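Read the structure below first, then the notes.
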Ligand SMILES: [Fe+2]
């Protein structure tokens, strides 16, 4: 399976779309490096990049959902937190030199998680924000509260 961003999984925000695209590109790079039996240095660099990029992305995305008063923000944050736990476990496998287990995780956990997360969980806030114009920061707060109570 190849991990590639496409317009179909756009979340309606240019910055987040760019981040998702970059993330999937880097995961693909990691997967190809492993497939080609590349040295640990390249892989470590890519992992280090992903570390920084993913935490920056989560912070940005959570701020975006908060700004738009997304009601399922806490549940979404929890998904991000669980990802981070599994990602740390995956990095430990690499550090222990278990290349096969690591490769398996890159393809079946890392890549799959991001494709699924962007295609489902992230689409939920996209749909919510599109359907609730009052959730926009410039919207009217009173109407926003009515919308939430009816939801
Ligand atoms: Fe997310």
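General remarks:
- Here the Gaussian network model covers the chain, with springs between Cα atoms less than 10 Å apart; of 39, 31, 55, 39 fluctuates the most.
- Remark: the range 6-53 is approximated by an ellipsoid whose semi-axes, taken from the C-alpha gyration tensor as √(5λ), come to 25, 12, 4 Å, largest first.
- Most mobile of 115, 85, 106 in a GNM of the chain (Cα contacts under 10 Å): 85
- Where labels lie 7 Å past Cα in the beta-carbon direction, separation of residue 36 and residue 130 in nm: 3.7 nm
- Length-normalised contact order of the range 11-150 in % [C-alpha pairs under 8 Å, at least 6 apart]: 32 percent
- Here the residues 43, 27, ranked from fewest to most Cβ neighbours within 10 Å of their Cβ, fall in the order 43, 27.
- Inter-label distance, nm, simple model (7 Å from Cα along the C-beta direction), residue 28/residue 74: 3.8 nm
- Principal axes of the chain: Cα extent on each, largest first, Å: 57, 27, 21
Each value in this text was obtained by applying a stated rule to the coordinates, not by laboratory testing. Remember, it's a predicted structure, so these values are computed and weren't measured experimentally. Positions of Cβ are generated from backbone atoms using ideal geometry, with glycine treated the same way; all protein chains shown enter the neighbour counts.
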